Amino acid sequence: MNAIVQIPSTADAARRAAGLQPAISVNRLNKFYGGFHALRDIDFQVAQGEIVVLCGPSGSGKSSLIRCINHLERHDSGSIHVNGMELTRKASDVARVRRQLGMVFQSFNLFPHMTVLDNCTFALRRALRMPAAQAEALAREYLAKVNVANQADKYPAGLSGGQQQRVAIARALCLKPSIMLFDEPTSALDPESVGSVLRIMEELAATGITMVCVTHEMGFARRVAHRCVFMENGAIVEDAHSAEFFRNPRSDRLKGFLAQVL
Amino acid sequence: MHYDPILAWQSMPDLLAGTATTFAVLLPVLVLGLMLALPIALARLETGPRAKAAAGYIAFFRGVPSLVLLYLVYSGLPQLSIVRDTFLWTFFSNAYFCAWVGLTLTHSGYMAEIIRGGLAAVPTGVIEASTALGLTPRQTLFRLRLPMAARYVLKAYQNELLIMVKSTSAVSAITLVDLTAAANTVFDYTYDPFTPLVTAAAIYWCIVNLMRTGFTLADRKLNRHLART
Amino acid sequence: MPQMGFVEQLGIGALMTIQVAVLSYLLALAIGTVFALATLKRRLPVDIIWQTYASIFTGVPSLLVAFLFYYAGSGMIASLFSLVGLSVTVDVSPFAAAVAALGMVYGAYLADIIRSAIQNVPPGQFEAARVLLVPRPTAWLFVILPQVLRLALPAMTNMWIVVLKDTALISLIGLKEIMAYAKLASGVTKEPFIYYMLASVFFLGMTALTYVVSQRIEQWTQRGYRPVAAKERAHAL
């Protein structure tokens with residue numbers, strides 16, 4: 001059943017990216033939580049179709065960066081552009097940016113009082129005003145793609161963690177975003193479920209969608225990511241193509257981190 | 001409507017007398033209610049007919065308003081000849097006695113439920129350990145389970161206490177002149193409803209907040225061992 | 001034995017009791033929701049207003065508030081409007097005084113219950129709705145409210161019983177509800193016991209009814225928290 005998943009090579013991504021605006025462009029980004037400087041002068045670019053993994057110790061700012069990109073947190077200075085559109089504080093700009101982004105959370109955040117199917121169709125009907133029948137068809141299509149088609153009428157509490165996270169992925173994909181953000185998608189899962197979710201993410205990566213992933217799953221990063229970014233204390237320490245990143249880590253802190261994690 | 005400070009000052013003796021009545025009703029109720037609630041709570045925790053009887057008691061006295069109970073005791077019981085014609089009449093003809101009985105029954109219903117909740121929250125491991133160490137059930141109950149339960153339910157007890165303070169205003173229906181009735185009396189002979197009622201409200205407010213402060217201090221002292229240093 | 005005429009009157013009184021209780025509770029819900037939403041974020045002016053309101057209305061017996069509204073209500077309203085230069089005379093009926101008093105007192109309690117429930121909805125729920133572009137009112141109505149209801153229902157049910165029973169006490173301001181009729185019947189027939197017992201039966205019955213109804217509502221709000229299939233469609237598990 002495990003088809004060989006072809007990940008487009010770095011060269012492919014680069015070719016596609018050439019001449020296209022970056023999917024995500026973060027410039028001199030700063031974020032404070034009260035007195036705590038969570039993100040320090042972050043410069044971060046993601047090309048169209050690129051798969052980027054953000055890693056680093058806890059508190060390094062990886063989640064903060066992702067959450068700033070879709071405005072779950074407000075950045076204090078610097079700029080964020082998604083597909084060329086700037087993310088300001090204006091509601092219309094925020095909405096336009098969020099339209100491009102799909103987000104998968106560590107704790108899934110499925111709506112517990114709605115069935116799996118309703119979870120997926122809710123945004124389609126309420127945000128996009130899609131007619132119910134069309135929304136349902138689309139939702140079932142994506143639920144099938146993540147292998148939970150037969151759970152459509154169950155409530156999230158009746159599913160395993162891995163199944164719930166896959167529903168969360170389907171729910172995000174239903175809105176057809178061009179960029180998917182993942183905030184530690186497998187950290188809350190038991191080891192058996194981790195595999196099923198990573199498999200879906202790898203299949204997703206093969207479709208050419210742009211992905212930014214905060215994760216501790218270094219095996220996944222090595223197999224799937226085009227680029228890896230190591231953060232510590234709110235700053236980007238190393239940003240390299242994944243082969244280089246794992247084989248020749250340049251900074252001592254990254255070497256230490258990889259030694260611990262691998 | 002204007003607040004008349006002079007009238008307020010002049011009516012203070014009456015209002016304070018009413019406050020005294022309020023406390024005269026409240027304090028015995030708190031003590032008796034607690035004493036009555038303990039066996040009921042313990043019965044509720046068992047299984048069998050005693051538990052069912054206890055559950056019925058709690059349901060009845062929490063489901064019936066205290067005013068109804070007061071009327072039942074004060075007006076209803078004297079209807080029965082056993083109350084009217086025997087020595088019991090000396091008790092039940094006294095409004096204070098009726099107030100104590102009626103409010104104690106209500107209070108004991110709520111307290112039984114609170115105590116039950118507190119006892120149920122004591123970890124069974126603690127009880128097992130004390131039995132293993134040779135303590136009798138009675139000792140375990142009074143030295144371990146109840147003190148621990150008390151800490152868990154301090155907030156619930158505070159709520160119940162404050163509610164009881166305010167419920168005492170019901171005794172004005174059975175001829176006792178508590179603070180609320182005193183304020184109404186002042187209104188009756190001065191034709192100013194605003195001043196005495198607002199002053200009485202202020203006195204209630206002070207009592208309630210003094211009690212709240214007391215509970216905050218008690219909570220801090222009792223739960224010192226839980227505080228993070 | 002109770003005379004049927006008086007029992008009928010008790011029935012009329014019981015209806016009045018229910019009316020007052022329902023309206024008071026609705027008012028309390030409205031006031032509670034407003035305060036709960038307003039005090040979600042800590043803003044000093046709102047906090048001061050809330051703390052003052054809560055302190056007063058939870059620190060004073062509801063009967064006293066009812067007396068105040070009934071006897072001094074017209075005067076207070078007249079004074080308030082005269083501040084803006086209007087001359088207003090409003091007659092405050094016992095019914096209005098009772099509903100206003102109970103609504104304002106229990107609104108303070110409900111505000112705490114509702115706010116606590118909102119704060120206990122996992123923040124991820126709000127975030128998921130935001131990133132899915134669900135408009136705010138829709139998110140509040142379809143995502144947050146059902147979860148708030150689930151969390152707040154037991155406390156809200158308790159509050160309903162409390163309001164219902166407090167209605168009995170408020171009869172002392174002259175409201176013609178079940179307690180007033182029971183007292184009347186007792187005075188006339190000199191058989192107080194049976195009429196007050198009937199009143200007790202009424203309140204116990206309402207408590208039992210509330211329990212049954214709230215169990216049903218609780219089951220509905222807990223849908224999704226029992227790990228069984230919602231509809232019996234997917235048998236092939």
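The values are calculated or read from the model by the stated rules, or taken from the named source; none is laboratory data. Remember, predicted model here, so these are calculated numbers, not experimental data. Note that we place each Cβ from the backbone using ideal geometry, even for glycine, and neighbour counts take in every protein chain shown.
Looking across A:Ala221, A:Ala188, A:Ala168, one residue alone is within 24 Å of A:Ile69 (Cα to Cα), more than 13 Å from the chain's Cα centre (by Cα) and in contact (Cβ under 8 Å) with a residue 12 or more places away in the chain. It is A:Ala188.
Test C:Gly73 against the stated conditions and say whether it is at negative phi, crowded, with 22+ Cβ neighbours inside 10 Å and modelled with pLDDT under 95.
Details: at negative phi: yes; crowded, with 22+ Cβ neighbours inside 10 Å: yes; modelled with pLDDT under 95: yes.
Considered against the rule, which asks whether it is at negative phi, crowded, with 22+ Cβ neighbours inside 10 Å and modelled with pLDDT under 95, C:Gly73 comes out as yes.
Identify all residues within the stretch A:59-72 that are crowded, with 17+ Cβ neighbours inside 10 Å and more than 10 Å from chain C (Cβ to nearest Cβ); write none if there are none.
First pass over the stretch A:59-72, keeping only residues crowded, with 17+ Cβ neighbours inside 10 Å: A:60-72.
Correct list: A:Ser60, A:Gly61, A:Lys62, A:Ser63, A:Ser64, A:Leu65, A:Ile66, A:Cys68, A:Ile69.
Looking only at residues of the stretch A:100-120 that are out of contact with any Leu (no Cβ under 8 Å at 6 or more places or on another chain) and more than 9 Å from chain C (Cβ to nearest Cβ), we find that the one that is farthest from C:Asn120 (Cα to Cα) is A:Gln100.
Output the residues belonging to the stretch B:105-124 that are exposed (fewer than 12 other Cβ atoms within 10 Å of the Cβ) and either under 22 Å from B:Thr168 (Cα atoms) or modelled with pLDDT of 90 or more (or both).
The initial filter retains those residues of the stretch B:105-124 that are exposed (fewer than 12 other Cβ atoms within 10 Å of the Cβ), namely B:123-124.
Answer for the stretch B:105-124, where residues must be exposed (fewer than 12 other Cβ atoms within 10 Å of the Cβ) and either under 22 Å from B:Thr168 (Cα atoms) or modelled with pLDDT of 90 or more (or both): there is none.
Look at the stretch C:181-199: where a residue is under 20 Å from B:Gly63 (Cβ atoms) and facing chain B (nearest Cβ under 8 Å) and a partner is of a type in the set (Val, Ile, Thr) and buried (at least 19 other Cβ atoms within 10 Å of the Cβ), sitting 6+ places away or on another chain with Cβ atoms under 6 Å, you get C:Tyr196/B:Val68; C:Ala199/B:Val68; C:Ala199/C:Ile178. Residues in the stretch B:48-65 that are within 12 Å of chain C (Cβ to nearest Cβ) and assigned to a helix (DSSP H, G or I): 7 in all. Scanning the stretch A:83-138 for residues that are acidic (Asp, Glu) and surrounded by fewer than 19 Cβ atoms within 10 Å (Cβ to Cβ) turns up A:Glu86, A:Asp93, A:Glu136. Once the stretch A:145-168 is narrowed to residues that are in contact with a helix residue (DSSP H, G or I) (Cβ under 7 Å, 6 or more places away or on another chain), among the hydrophobic types (A, V, I, L, M, F, W, C) and in a helix (DSSP H, G or I), the residue that is farthest from the other protein chains (Cβ to nearest Cβ) is A:Val167.
Among the residues of the stretch B:184-197, the ones that are more than 7 Å from every other protein chain (Cβ to nearest Cβ) and buried (at least 20 other Cβ atoms within 10 Å of the Cβ) come to 4 in all.
Being part of a helix (DSSP H, G or I) and more than 19 Å from the chain's Cα centre (by Cα) is a property that C:Gly75 has.
Of the residues examined, A:Leu189 is not one that is surrounded by 18 or more Cβ atoms within 10 Å (Cβ to Cβ), in a helix (DSSP H, G or I), in contact with a helix residue (DSSP H, G or I) (Cβ under 9 Å, 6 or more places away or on another chain) and more than 9 Å from chain C (Cβ to nearest Cβ). The C-beta contact set for the stretch C:123-140 (first residue at the interface with another protein chain (Cβ under 9 Å from one of its Cβ atoms) and within 14 Å of A:His71 (Cβ to Cβ), second residue of a type in the set (Gly, Ala, Ser) and crowded, with 19+ Cβ neighbours inside 10 Å, distance under 7 angstrom, 6+ apart or interchain) comprises C:Ala129/C:Ala139; C:Leu132/A:Ala123; C:Leu132/A:Ala127; C:Leu133/A:Ala123; C:Leu133/A:Ala127. Considering the conditions (1) closer than 30 Å to A:Ala123 by Cβ; (2) at the interface with another protein chain (Cβ under 10 Å from one of its Cβ atoms), C:Ala152 is excluded by exactly one of them, (2).
For C:Ser55, state whether it is out of contact with any Gly (no Cβ under 7 Å at 6 or more places or on another chain), among the hydroxyl-bearing types (Ser, Thr, Tyr), facing another protein chain (nearest Cβ under 9 Å) and within 22 Å of C:Trp160 (Cβ to Cβ).
On the way: out of contact with any Gly (no Cβ under 7 Å at 6 or more places or on another chain): yes; among the hydroxyl-bearing types (Ser, Thr, Tyr): yes; facing another protein chain (nearest Cβ under 9 Å): yes; within 22 Å of C:Trp160 (Cβ to Cβ): no.
When the stated conditions are applied, C:Ser55 does not pass them.
Looking across the stretch B:199-219, just one residue is surrounded by fewer than 20 Cβ atoms within 10 Å (Cβ to Cβ) and within 13 Å of C:Leu68 (Cα to Cα), and that is B:Ala202.
Kindly indicate which of B:Val73, B:Val68, B:Val31 is within 12 Å of chain C (Cβ to nearest Cβ) and either without any contact (Cβ under 8 Å) to a residue 12 or more places away in the chain or outside any helix (DSSP H, G or I) (or both).
Details: B:Val73 fails: either without any contact (Cβ under 8 Å) to a residue 12 or more places away in the chain or outside any helix (DSSP H, G or I) (or both); B:Val31 fails: within 12 Å of chain C (Cβ to nearest Cβ).
Only one candidate qualifies: B:Val68.
The residues on offer are C:Tyr25, C:Tyr70, and the sole one that is touching a residue at least 60 places away in the same chain (Cβ under 8 Å) and within 14 Å of chain B (Cβ to nearest Cβ) is C:Tyr70.
When every residue of the stretch A:169-176 is checked against the conditions, at least one turns out to be basic (Lys, Arg) and either within 10 Å of chain C (Cβ to nearest Cβ) or assigned to a helix (DSSP H, G or I) (or both). The lone criterion from (1) surrounded by fewer than 20 Cβ atoms within 10 Å (Cβ to Cβ); (2) more than 10 Å from chain C (Cβ to nearest Cβ); (3) in contact (Cβ under 8 Å) with a residue 40 or more places away in the chain left unmet by B:Val171 is number (1). Looking only at residues of the stretch A:1-51 that are among the β-branched types (Val, Ile, Thr) and under 26 Å from A:Met85 (Cα atoms), we find that the one that is modelled with the lowest pLDDT is A:Thr10. What do you reckon, is C:Gly5 within 30 Å of C:Val201 (Cα to Cα), of a type in the set (Gly, Ala, Ser) and away from chain B (no Cβ under 11 Å)? The answer is yes for C:Gly5.
Looking only at the stretch A:73-99, which residues are of a type in the set (Ser, Thr, Tyr) and either within 12 Å of another protein chain (Cβ to nearest Cβ) or within 21 Å of A:Ala123 (Cα to Cα) (or both)?
Step one: of the stretch A:73-99, the residues of a type in the set (Ser, Thr, Tyr) are A:77, A:79, A:88, A:92.
Hit for the stretch A:73-99 is A:Ser92, nothing else.
With respect to C:Leu15, is the statement that it is under 14 Å from C:Ala182 (Cα atoms) and part of a helix (DSSP H, G or I) true? It is true that C:Leu15 is under 14 Å from C:Ala182 (Cα atoms) and part of a helix (DSSP H, G or I).
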